[in-house]
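Let me begin by presenting the structure, written as structure tokens, before commenting on it.
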Amino acid sequence: MAQSAVSDATRGDAGELLKELERLSDVFDDLPREALLKEDLLRIGISFDLDALRFCASFKSKSYFIFSFDMIPIEQMEQEENLRAPEEIRFHGGEFGYRPTTVSVRVNPYSPYRISLEEGTLTLTAGTTSLAEVELLPVPEYYKRKLSTGQPLNEVAPTIEWGYLIYLTVYRKCQYFGFKEECLFCDINENYRQQIAAGRPYQTVKPIEEVLEALAIIDETDEISRAYTLTGGSVTRKLRGMLEAEFYGSYARAIEERFPGRWIGKVVAQALPEDEQKIFKDCGVQIYHPNYEIWDARLFEKICPGKQDYVGREEWHRRIIAGTKIFGHENVIPNFVAGIEMSAPHGFTDPQEAVASTAEGLDWFMSQGVCPRFTVWCPEPLSPLVKGRRDEGLEQPPAPLEYHARLLRAWRDCHARHRLPVPPGYGPAGTGKAIFSVSSFMDVIQV
Ligand code: SF4
């Protein structure tokens with residue numbers, strides 16, 4: 001095997017890992033145990049026995065809907081995990097009677113969290129400890145279809161969040177390019193290259209006609225999906241002769257004309273000037289995600305150099321708040337990438353300080369009626385944050401679980417203190433019910 005991109009912190013000893021999970025479950029006993037395990041699975045990934053992987057391959061597989069969200073590159077996957085691993089798992093039961101908890105799969109063959117097949121049942125283990133039973137989502141009817149162009153439907157319109165969200169990455173690249181512009185945690189451009197090399201039929205820009213054809217099939221055959229997200233890389237110049245809002249808005253307009261109100265329409269895009277945000281609104285977009293990625297000013301500049309140069313942090317935040325007049329407060333939901341505050345070499349080294357910084361941002365937004373949400377960072381090997389360190393012979397470990405425990409508490413308490421509603425467009429909230437799979441913010445809301 002080639003030199004691995006995986007840090008020692010994600011190879012870990014199962015005993016140590018479980019001890020830390022247990023310690024934090026005691027210290028943070030106001031958080032659901034399920035949420036702590038979920039965050040740990042997201043931050044360090046999951047490994048699979050070969051039998052388990054073969055079993056998984058006949059269920060709904062990972063679609064690589066935008067980034068890799070894996071902890072090794074495809075060329076190092078010796079068991080073809082990229083073709084066989086499930087999009088998500090749902091764990092439940094075990095010694096602690098875990099309530100059903102949905103988790104996005106991040107492949108890491110070295111992770112102590114392992115899924116095995118035991119007497120026909122998938123089990124989540126760590127070392128010799130069996131933690132929970134694992135359930136998978138069957139392949140939906142629409143995934144079995146091809147479009148008239150020959151494209152598989154799951155490439156054009158994959159679903160995540162246990163089938164709730166249709167994820168339309170209509171532009172597979174980003175015009176923030178290279179170390180001086182790309183967000184350093186992001187592997188969108190490199191993932192595009194590795195997926196093409198691995199033979200996945202990625203298209204740089206998805207034709208609107210294919211998107212509509214795919215949605216027509218989903219509309220006919222499915223009753224679970226409730227929302228779609230239009231997204232992709234940033235457009236800093238023009239794409240197909242259009243500005244960013246015109247480009248992504250053109251898909252929303254076509255979808256809403258053909259299927260008015262069938263799904264909740266969301267768009268992830270830059271924090272754009274108000275007149276461009278209005279284009280989204282006019283096209284039928286209901287929810288706007290102008291992701292701010294990280295709160296701390298010094299780290300924003302280092303980690304999001306393109307966003308800093310083209311827009312600037314203060315202006316980015318101003319535009320987020322300005323969006324509330326266009327979409328309504330609860331419909332402006334910016335994302336941040338939880339954990340990059342602790343990335344080397346510039347980040348915080350103390351989880352308490354990292355969360356204090358993030359909590360300052362949460363309070364700033366939430367006091368103005370905007371509820372940020374987050375994705376758990378896993379260090380992707382092709383992202384600049386990991387590649388840069390690897391080139392120097394250094395590691396880029398994920399943030400420790402203690403950071404995630406502190407963040408969950410800070411987010412939950414800030415949300416409750418400002419009496420904000422459950423963010424729309426994510427399905428049900430609460431432990432045992434949440435389906436949002438890339439962090440536990442929906443799991444910790446007390447409903
Ligand atoms: S804006 Fe940043 S996070 Fe978004 S696709 Fe481009 S490089 Fe990635």
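The table below lists the values:
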item: Most fluctuating residue given options Gly328, Gly369, Gly120, as computed from a GNM of the chain linking Cα atoms under 10 Å; result: Gly120
item: Highest to lowest packing among 241-250, 66-75, 199-208, scored as the average C-beta count within 10 Å; result: 66-75, 241-250, 199-208
item: Cα-Cα over 29 Å, subset of Lys146/Lys325; Lys206/Lys281; Lys180/Lys325; Lys144/Lys206; Lys325/Lys433; Lys146/Lys387; result: Lys146/Lys325; Lys180/Lys325; Lys325/Lys433; Lys146/Lys387
item: Percent of C-alpha pairs per 5 Å bin, the range 141-377, short to long; result: 1, 6, 13, 17, 19, 17, 13, 8, 4, 1, 0
item: Protection proxy ranking of 440-447, 102-109 - average other beta-carbon atoms within 10 Å, highest first; result: 102-109, 440-447
item: GNM flexibility winner over the chain from Glu276, Glu141, Glu119 (Cα, springs under 10 Å); result: Glu119
item: Max mean-square fluctuation residue, GNM over the chain, Cα-Cα springs under 10 Å, options Leu136, Leu83, Leu147; result: Leu147
item: Normalised contact order of the chain, rounded percent, pairs of Cα under 8 Å and 6 or more residues apart; result: 18 percent
item: Derived scalar couplings ³J(HN,Hα) [the range 428-433; Karplus, 6.51 cos²θ - 1.76 cosθ + 1.60; whole Hz; x for Gly, Pro]; result: x, 10, x, 4, x, 10
item: Charge dipole magnitude, Cβ of K and R +1, D and E -1 - the range 387-447, Cα centre, debye nearest 20; result: 260 debye
item: Test item: Cα-centred dipole of the chain, Lys/Arg +1 and Asp/Glu -1 on Cβ, debye; result: 1100 debye
item: Convex hull volume per residue for the range 240-296, taking Cα atoms only, in Å³; result: 88 Å³
item: Over the range 166-219: Rg over Rh, Cα atoms, Kirkwood Rh; result: 1.06
item: Convex hull volume per residue in cubic angstrom - Cα atoms of the range 58-194; result: 145 Å³
item: Under the Debye formula (equal points on every Cα, no solvent term), log10 I(q)/I(0) of the range 1-109 at q = 0.11, 0.15, 0.24 Å⁻¹; result: -0.38, -0.71, -1.43
item: Mean-position separation - Cα centroids, the range 373-447 and the range 262-335, in angstrom; result: 19 Å
item: At 1.306 mPa s and 10 °C, Stokes D of the range 283-365 from Kirkwood alpha-carbon radius, µm² per second; result: 118 µm²/s
item: Leu122 long-range amide H proximity, modeled H, under 5 Å; result: Val134
item: Only Lys, Arg (+1) and Asp, Glu (-1) charged, at Cβ; the range 141-377 dipole about Cα centre in debye; result: 580 debye
item: Positive-pole candidate from Tyr143, Val105, Gly127, dipole of the range 104-148, charges at beta carbon; result: Tyr143
item: Overall Cα dimensions of the chain - principal axes, largest extent first, Å; result: 56, 49, 47
item: Cα-based convex hull volume of the range 172-252 per residue, rounded to whole Å³; result: 128 Å³
item: Residue-by-residue Karplus 3J(HN,Hα) for the range 78-91, coefficients 6.51, -1.76, 1.60, Hz, glycine and proline x; result: 7, 10, 6, 4, 5, 9, 10, 5, x, 4, 8, 10, 10, 9
item: Interchain or long-range residues, amide H under 5 Å from Arg106's placed H; result: Ile46
item: Of Phe67, Leu407, Leu394, farthest towards positive along the dipole that unit charges on Lys, Arg, Asp, Glu beta carbons give the chain; result: Phe67
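No lab work stands behind these numbers, since they all come straight from the coordinates. Keep in mind that what you see is a predicted model, and the values were worked out from it rather than measured. Backbone-built Cβ (ideal geometry, glycine too); neighbour counts: all protein chains shown.
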